[in-house]
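Remarks on the structure that follows.
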Amino acid sequence: MSRPENASGVRLRANSFDGVSVARPRFTDFTGALAPTPAPSSSIAASALFSSAGGPPGGNEAEYNVIDEKSPYARLRAPINVLAATNPIRAITDALPTPTNEMYAHKTISLAVGDPTAAGLTPPEKLTRALRDTERHGYPPSVGHTDCRAAVAAHINANTEDVMLTAGCSQALEHAIRSLASQGSSVLIPSPGFPLYETLCKLHGVQAKRYPLHALQNFMPDLNAWRRLVDDTTVAVVVCNPGNPTGHVSTRTELTQMANAAAELGLVVLADEVYSSLAFARPFVPMASVSERAPVLSLGAISKNLYAPGWRLGWIAVHDRAGILEMSGVRRALLNLCQVSLGPCSLVQGAVARYFTDAQVAGSEAQRCAESHIADACSTLAKRAAAASRHATEAGTAGGGAPLFEPPAPPAGAMYLWLRLAPGTCRSLKIGKDDDAVDDEVAFVSEVLRECAVVMLPGSCFSAPGHVRISTVASEDALSEAFHRIELWCASLRGDAPMDAA
């Protein structure tokens, strides 16, 4: 195995595109739909849509060489790396076909996306009031207004000068990857994991190397896999805690082991902590609090914790005790990227500054309200996760049928339930490919959408075929109705009951 030059970050350089030769894949390297569009209500349409999430999008080169060679625009081609960088979750949810079962017309239940507002969960009233009272209409400083950075820094126990504000956690991820990894570099990402990690790597010519998270090991990263995957191109490792899609919340011991391994291998840790306040089974521990040697870029946002995904305010917090990110130019690269993007809306920054600042006053009403919001959020999500786990465990068993899913690992945080199809599920339902090794979850979720008007995400989105992810932000009534529909569908396939049963 090719080893790092040393463990002190010597191969880490600020992203540079000059003089780098990158192999450019041909269009024919990619399969699936490039950009799914609204399709007819048919099982073929649903299957094609979900199939596009299983790998890089694209098509054949002829699809894009359609401009007449005599045209003055004949040389125009969209960049191949951008065409290859589709976000599979958005590709699905932006273009869902209409279910064919007329009984559920206009009654689709989405268990696809972690958007609390779609389930009626709203931001704290003090936060929305602060937004109404804010009078900021000019350009913000590139890294964010100082009062908002200071409020966020106090909220996450960082220094104000180390916090840079971004338009949501997605932009924080992109800035972090772009500042660390040049074209031809590589980054370790979790599998299963949030698909945007790999999408952003593809977009910027970075190789995403997947390391496994095993359910039998409680979704603890395989640190030996880190050691096998790291070579002299590898600059960083992404760690998501609480986990998406697994719902695992890492312990202090686990995080310490990861931080020590990252330091040993000379890796910067990209700590995706967007669900940091939504750990309901055990306490959340920030990666930066346990990393003595490895630099950490902590990424967060108000989207999940404060039920405000549409407000688009996130952050990057730089934790660099040894000055590695300063010496390598990464901190400067982050500043340059912020000067290009200009960060989140000034009005939102003003509201968040007010909310977090007031909430830090000990014994104040604002502090009590902020703590109450998080406590209620954790309680709500824990109850809904438990309900989803119960329904999933029982799914398919009515009337003596076989269970559809293996017993799930109870989530400890975040807002998802990670399910594995029970062996033989697709064969028993007579759908998908006849494969004993891995059930065809793409066919499964396609049929569930078509027949039950319930949207789930296939595990292929998260590089884990045979699995399904459902969002647990949905109300307990919605979860109950969704699994009731699935039960009726299974019964109809067995001949026990018609699909129009009450």
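The values are calculated or read from the model by the stated rules, or taken from the named source; none is laboratory data. This structure is a prediction, so every number in the text was calculated from the model and none was measured. Cβ: placed from backbone, ideal geometry, glycine included. Neighbour counts: every protein chain shown.
Taken over the stretch 322-343, the criterion of being among the hydrophobic types (A, V, I, L, M, F, W, C) and closer than 22 Å to Gly138 by Cβ is satisfied by Leu335, Leu337, Cys338, Val340, Leu342. What do you reckon, is Ala366 part of a helix (DSSP H, G or I), in contact with a Lys or Arg (Cβ under 7 Å, 6 or more places away or on another chain), at pLDDT 95 or above and within 18 Å of Thr134 (Cβ to Cβ)? Judged against the criteria, Ala366 is a match.
One line per residue, one yes/no per condition, for (1) aromatic (Phe, Trp, Tyr); (2) under 16 Å from Arg485 (Cα atoms); (3) assigned by TED's automatic domain parsing to the domain that holds Gln171:
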| site | (1), (2), (3) |
| --- | --- |
| Tyr73 | yes, no, no |
| Pro88 | no, no, no |
| Pro99 | no, yes, no |
| Met103 | no, yes, no |
| Ile109 | no, yes, no |
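Yes/no per residue for (1) assigned to a strand (DSSP E or B); (2) among the hydrophobic types (A, V, I, L, M, F, W, C); (3) closer than 28 Å to Gly243 by Cβ:
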{"residue": "Gly399", "(1), (2), (3)": "no, no, no"}
{"residue": "Pro410", "(1), (2), (3)": "no, no, yes"}
{"residue": "Arg420", "(1), (2), (3)": "yes, no, yes"}
{"residue": "Arg450", "(1), (2), (3)": "no, no, no"}
{"residue": "Asp477", "(1), (2), (3)": "no, no, yes"}
{"residue": "Leu488", "(1), (2), (3)": "no, yes, no"}
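For His391, the requirement of being in contact with a Phe, Trp or Tyr (Cβ under 6 Å, 6 or more places away or on another chain) and modelled with pLDDT of 95 or more is met.
For His373, the criteria (1) touching a residue at least 60 places away in the same chain (Cβ under 8 Å); (2) more than 22 Å from Pro124 (Cα to Cα) hold in every case but one, which is (2). Cβ-Cβ distances below 7 Å connect the following pairs, each with a first residue in the stretch 255-267 that is farther than 18 Å from Leu180 by Cβ and free of Cβ contacts under 8 Å to residues at least 40 places away in the same chain, a second residue that is surrounded by 19 or more Cβ atoms within 10 Å (Cβ to Cβ) and among the β-branched types (Val, Ile, Thr), and a separation of six or more residues or different chains: Leu255/Val285; Leu255/Val290; Thr256/Val290.
Looking across Ser182, Ser191, one residue alone is more than 16 Å from the chain's Cα centre (by Cα), within 20 Å of Ala262 (Cα to Cα) and of a type in the set (Ser, Thr, Tyr). It is Ser182. The set of residues in the stretch 224-263 being more than 22 Å from the chain's Cα centre (by Cα) and assigned to a loop (DSSP other than H, G, I, E, B) consists of Val230, Asp231, Asp232, Thr233. Restricting Thr199, Thr166, Thr234 to residues that are closer than 16 Å to Ala262 by Cβ and touching a residue at least 60 places away in the same chain (Cβ under 8 Å) narrows the list to Thr234. Taking the conditions (1) at pLDDT below 95; (2) crowded, with 16+ Cβ neighbours inside 10 Å; (3) in a loop (DSSP other than H, G, I, E, B) in turn, Ala443 satisfies each one other than (3). Within the stretch 365-389, the only residue that satisfies the criterion of being of a type in the set (D, E, K, R) and crowded, with 16+ Cβ neighbours inside 10 Å is Arg384. Restrict the check to the stretch 352-372 and report whether at least one residue is polar (S, T, N, Q) and within 24 Å of the chain's Cα centre (by Cα). Among the residues of the stretch 352-372, not one is polar (S, T, N, Q) and within 24 Å of the chain's Cα centre (by Cα), which makes the answer no. Here Ala294 passes the criteria (1) touching a helix residue (DSSP H, G or I) at 6+ places or on another chain (Cβ under 9 Å); (2) farther than 22 Å from Gly459 by Cα; (3) in contact (Cβ under 8 Å) with a residue 60 or more places away in the chain except the one numbered (3).
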